[in-house]
1. Please count how many residues of the range 146-158 are of a type in the set (S, T, N, Q) and closer than 16 Å to GLN19 by Cβ.
2. THR208 versus (1) open to solvent by 30 Å² or more (accessible area, probe 1.4 Å); (2) not in a helix (DSSP H, G or I): which is the lone unmet condition?
3. Pairs, please: C-beta under 6 Å, at least 6 apart or cross-chain, first residue farther than 24 Å from ASP83 by Cα and in the range 130-141, second open to solvent by less than 60 Å² (accessible area, probe 1.4 Å) and not hydroxyl-bearing (Ser, Thr, Tyr)?
4. Could you tell me whether GLY86 is of a type outside the set (Val, Ile, Thr), within 21 Å of LYS5 (Cβ to Cβ) and touching a residue at least 24 places away in the same chain (Cβ under 8 Å)?
5. For the range 162-194, enumerate the residues that are among the hydrophobic types (A, V, I, L, M, F, W, C), in a helix (DSSP H, G or I) and more than 14 Å from ARG205 (Cβ to Cβ).
6. Pick from the range 173-190 the residues that are in contact with a helix residue (DSSP H, G or I) (Cβ under 9 Å, 6 or more places away or on another chain) and not hydrophobic (A, V, I, L, M, F, W, C): which of them is surrounded by the most Cβ atoms within 10 Å (Cβ to Cβ)?
7. Looking at ALA135, ALA92 in this structure, which one is closer than 23 Å to SER51 by Cβ, assigned to a strand (DSSP E or B), under 12 Å from the mean Cα position of the chain (by Cα) and modelled with pLDDT of 95 or more?
Amino acid sequence: MKKYKYAVVAVDLLIFTIQEDDLKILLVKMKKSPFYHFWAAPGGLIKPKESLEKAAFRELYEKTGIKNIYLEQLYTFGDPKRDPTGRVISVAYFALINATKIKLKTTKKYLDIKWFSAKNLPILAYDHKEMINYALLRLHWKLEYTNIAYSLLPKYFTFSQLQRVYEIILNKKLDKRNFRRRMLFLKIVKPTQIKKIGEPHRPARLFTFTKRSPEIISK
C-alpha cells in the first residue's frame, strides 16, 4: 500500500440527481486496497500545475463521463487519518444535475459506477459518508437562498414538478399554496404560455426559471 511522504491534495465529487422520485448520488466501486469493493465518491489527486477547479472537472469527466455542469466547492476535509495511504487533504465539490440523457462510464481503476439513494447508502470508503452528509445539509440551505433547483428540471415544467423537487431534497411535504406564493414572490420562476396537454384533467400551465444559472435570491 502506497504511502505519501508529504501531504497531497485531492478533489472529490458529490453529484446528485433525482430519479424514481428519490434523491440519488453517484458513486464508484473501489478496486484497490484497502477499500476493495467499497463504494466512494469519484475523485482523485490534483496534478502539480493544475488548479482545484480544473482538477475537479477533469476527474469528473475521467471517472464518470459527465462534463459541462456547474460544480460548487463544498468543503475541505483534512483529518490526518482520513486516508490510510497517507496525508491526503480533500477539497469536495458538489452538483445537482438532470441525469436523464447522461450515459455513465468510468475507468479501469474502478469496478462499477452507479446511482444510489442518498437515504440508503452502501458502505463507503474514506470519510465519504461525512462528505455526503455535509453536502445534503448544504443542499437544504441552498434551497432557501438560491435557485439551485433549476439544474434538476427541464426548461419547462409544472409547478407540481417544481414542488416535488423541493420535497424530495428536503424530505418533507410542503403546503401547495404557500410554496407557490413563495416561489412567485421570490421571482425564481415565471409562467409561460405553454400548457401541458394529454392529461386526463385540465391542462397545466408550464413554468420556467427566470435564470438558468446560479443565482442568490433576495428575500
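The values are calculated or read from the model by the stated rules, or taken from the named source; none is laboratory data. Quick caveat: nothing in here was measured; it's all calculated off a predicted structure. For neighbour counting, all protein chains shown are included, and Cβ atoms are generated from backbone atoms with ideal geometry for every residue, glycine included. Surface accessibility is based on the protein's heavy atoms, side chains included, excluding ligands, DNA and RNA. Shrake-Rupley method; radii C 1.70, N 1.55, O 1.52, S 1.80 Å.
1. If we filter the range 146-158 for residues that are of a type in the set (S, T, N, Q), which is where we start, we get 146-147, 151, 158.
Now narrow it down to the ones that are closer than 16 Å to GLN19 by Cβ: 151.
Qualifying residue count, the range 146-158: 1.
2. Answer for THR208: the failing condition is (1).
3. Pairs found: LEU139/ILE169.
4. Values: of a type outside the set (Val, Ile, Thr): yes; within 21 Å of LYS5 (Cβ to Cβ): yes; touching a residue at least 24 places away in the same chain (Cβ under 8 Å): yes.
Yes; evaluated as a whole, the condition is true for this residue.
5. Filtering the range 162-194 for residues among the hydrophobic types (A, V, I, L, M, F, W, C) gives 162, 165, 168-170, 174, 179, 183-186, 188-189, 194.
So of that shortlist, the ones also in a helix (DSSP H, G or I) come out as 162, 165, 168-170, 179, 183-186.
Those that are among the hydrophobic types (A, V, I, L, M, F, W, C), in a helix (DSSP H, G or I) and more than 14 Å from ARG205 (Cβ to Cβ): VAL165, ILE168, ILE169, LEU170, PHE179, PHE185, LEU186.
6. ARG180
7. ALA92
Here is a yes/no grid of residues against (1) in contact with a helix residue (DSSP H, G or I) (Cβ under 9 Å, 6 or more places away or on another chain); (2) open to solvent by 20 Å² or more (accessible area, probe 1.4 Å):
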residue: LYS5; (1), (2): no, yes
residue: ALA10; (1), (2): yes, no
residue: ILE15; (1), (2): yes, no
residue: GLN19; (1), (2): no, yes
residue: ASP22; (1), (2): yes, yes
residue: PHE35; (1), (2): no, yes
residue: LYS49; (1), (2): no, yes
residue: GLU53; (1), (2): no, yes
residue: GLU59; (1), (2): no, no
